[in-house]
Amino acid sequence: MELYELTVHELLEKLDNKEITLEEITKSYIDRINDKEKDVQAFVTLTDKEALGKVQTIKERKTKFEGIPIGIKDNMCIKGTKTTCSSKMLENFIAPYNATVIEKLNEEGLVSLGKLNMDEFAMGTTTEHSAFKKTCNPWNLNKVPGGSSGGAASAVAANMVPWALGSDTGGSIRQPASLCGVVGLKPTYGLVSRYGLIAYASSLDQIGPITKDVEDSAILLNLIAGHDEKDSTSANVDKKDYTKALVRDVKGLKIGVPKEYFGEGINEEVSISVKNAIKKYEEMGAIVEEFSLPIADYALATYYIIACAEASSNLGRFDGIRYGYRTKNFESLKDIYVNSRTEGFGDEVKRRIILGTYVLSSGYYDAYYKKAQKVRTLIKDQFNSAFEKYDVIIAPTAPNVAFNIGEKSNNPLELYMEDLCTVPINVAGVPSISIPCGVNSEGMPIGMQLIGKQFDEETIIRAAYTYEQETKFMENYRPTFKN
Amino acid sequence: MAVSKEEILHIAKLADLKIEENEIDEYAKNLEDILNFAQIINSVDTENVKESIGTLNNVNVFRKDEVKEFEDKEALLQNATEQEDGMFRIPKVI
């Protein structure tokens, strides 16, 4: 077995036993990147040589994670490194400071192998909206990796990084994790600081781990969670050790299955695979009950109104003055604003700014934005009441497995439907972890998500870990890189 | 929900974006599609329901009003297309 195939906890064990060195690990990933990046196209910026340089200066590990490599989605600021959001607008932007999550990783001594491709400004579900390149799914290179953290999920699946940080506004960690057969965790809103994460929709954005297994997910969550005074929406909750939740036991666990998630719009093979996984939970001693979550039907519309409204406001800062792309065609200051934005943003970003501006504009504010905020209250309430009865809610992560690159890119609304299962979780602000639960008839991975109550990541980690240990997806299925 | 050419141009102006004549129809159609889809929320009874601006209940998060110097001003300025004497340069406005 090659080093790049191992999980981080396996690498740490071998390091502790002096079976391997940090340099061997980093070199193994660099070789792997040299071999596979031409097919997968996951990276926007590679910093693998710098990572190797840093690792070679380490004589003895001072902290447990010193010298361990990681990949970072390209919307998190790393000081001195390009942070592009996969947009022409930020093509030459060099971050002047570190995001809080990067500070935390630096304190532990982790080294970044590079910045990973994404849909421009995290808006999309296929990574086709990147201004720079299309990332391919390692399980079938003709297919999309999902999005917007498609670079991160495909890099982990292709073993080009041992783990990665993604961000999730409406499913952007979980959906690509599902399509690439890896583990993606969106923490409770507020658990991880958003300082230095380039904003898409501030009341929904959350950073989280994309990993090969659940144990690594818990370990990485430990490293990034915590209150931050630089993010006023960061929650002041007690620090926890999530690895304590890695317990193989779901006896008596109450699982709710919302029937709305298995109806119209959900691919049959996906539905069957998730239902089989739920049966497995029953066999392992969990108590499973179907229930109705009718408000889920309204979550997608609510999400697009709120997310685009917030995006239109957040992206107002890109005006070509202090940073970012500046047009060459201008006479007045107003020309700089308008032409820089028109030339610097891609089509999908402009579509969402237009929608967001529309729903916030005079005459439409009450009918769309205010109404959506009220529906959001009801969505939160229904999730809260569901969690009075259940410890975990299980649903498909994505309505479909990975589809062909270009297949849906001409129809924005059709692509928005891919977010059907993931967005309610962001709107409600609860945590959710996506883990693989099978493959379809074409061998493409299927994911299910385990949704928990606010700040109860432990329960979904325990439930995910138990299933993973029982089924060993990783040992049975591997990406094939076929064309 | 029909969106007129004038409306699209008005919204683009508010957003500081330029939409060319030959792009108007497509932007209008995309906006109409999503607005038609979004109509579904009107069937939800929200009488006496308060709006949510987020998911956590923390309000009025205060901190001390202290001046903190950003440690690396050079790093901030290097991202500007035009700068002069530690300031961002823009065209004449009056």
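The values are calculated or read from the model by the stated rules, or taken from the named source; none is laboratory data. Model, not experiment: these values are computed from the prediction. FYI the Cβ positions are ideal-geometry reconstructions off the backbone, even for glycines, and counts take in every protein chain you see. In case anyone asks, the SASA skips ligands and DNA or RNA and just uses the protein heavy atoms, side chains included. Shrake-Rupley method; radii C 1.70, N 1.55, O 1.52, S 1.80 Å.
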* Structure fact -> Of the listed pairs A:Lys133/A:Lys239; A:Lys49/A:Lys133; A:Lys380/B:Lys64, those with alpha carbons more than 30 Å apart are A:Lys133/A:Lys239; A:Lys380/B:Lys64
* **Threshold 40 Å², region A:301-326 residues less accessible with all protein chains present than alone (1.4 Å probe)** => A:Ala301, A:Ile321, A:Arg322, A:Arg326
* Cα Rg over Rh - the protein assembly as shown, Kirkwood -> 0.96
* Asked: For the pair A:Asn410 and A:Asp335, what calculated FRET efficiency results from E = 1/(1 + (r/R0)^6), where r is the Cβ-Cβ distance and R0 = 35 Å, to the nearest 0.05?
  -> 0.65
* To do: Sequence neighbours fewer than 8 away in the same chain don't count; with that in mind, list the lysines whose C-alpha is under 20 Å from A:Lys240.
  => A:Lys64, A:Lys104, A:Lys186, A:Lys453
* Expressed as a rounded percentage, what relative contact order does region A:337-426 have, with Cα pairs under 8 Å and six or more residues apart? -> 19 percent
* Asked: Among the aspartates and glutamates, which have Cα under 19 Å from the Cα of A:Lys27 when same-chain residues fewer than 8 positions away are ignored?
  -> A:Glu2, A:Glu5, A:Glu10, A:Glu13, A:Asp16, A:Glu19, A:Asp35, A:Glu37, A:Asp48, A:Glu50, A:Glu60, A:Glu66
* Ignoring any ligand, DNA or RNA, what whole percent of the accessible area of region A:148-199 comes from carbon and sulfur when the probe is 1.4 angstrom? -> 46 percent
* Structure fact -> On complex formation of B with A, accessible surface lost, both sides summed, probe 1.4 Å, nearest 100 Å², amounts to 5200 Å²
* To do: For chain B, divide the Cα radius of gyration by the Kirkwood radius and give the resulting Rg/Rh value with two decimals.
  => 1.16
* Take every Cα-Cα distance within region A:3-75, group them into 5 Å bins from 0 onward, and report for each bin the whole-number percent of pairs it holds. => 3, 15, 27, 24, 18, 9, 4, 0
* Are there trypsin sites (Lys or Arg not before Pro) in region A:205-247 that DSSP marks as loop and that have at most 15 other Cβ atoms within 10 Å, and which are they? -> A:Lys230, A:Lys239
* Structure fact -> If exposed means GluC sites (Glu not before Pro) lying in a DSSP loop and surrounded by at most 13 other beta carbons within 10 Å, then the longest stretch of chain A lacking such sites spans residues A:61-228
* How large is the accessible surface per residue of the protein assembly as shown, computed with a 1.4 Å probe and reported in Å² as a whole number? -> 40 Å²
* **Contact order normalised by residue count of region A:202-246, Cα under 8 Å, 6+ apart, percent** => 33 percent
* Cα→Cβ-extended label distance, 7 Å offset, between A:Ile20 and A:Arg61, nm -> 1.1 nm
* To do: Within chain B, what's the longest run with no GluC sites (Glu not before Pro) in a DSSP loop and at most 13 other beta-carbon atoms within 10 Å? Give the range, please.
  => B:21-46
* **Distance in nm between pseudo-label sites at A:Asn106 and A:Lys82 (7 Å out along the Cβ direction from Cα)** => 2.1 nm
* Can you give the relative contact order of chain A as a percent, counting alpha carbon pairs under 8 Å and 6+ residues apart? -> 18 percent
* Report, to the nearest whole %, how much of the accessible area of region A:2-133 belongs to carbon and sulfur atoms, 1.4 Å probe, protein only. => 45 percent
* What is the spin-label model distance, in nm, from B:Asn57 to A:Glu5 if the labels are put 7 Å beyond Cα along the C-beta direction? -> 5.1 nm
* Principal-axis tilt of helix B:5-14 within chain B, Cα atoms, nearest 10 degrees -> 30 degrees
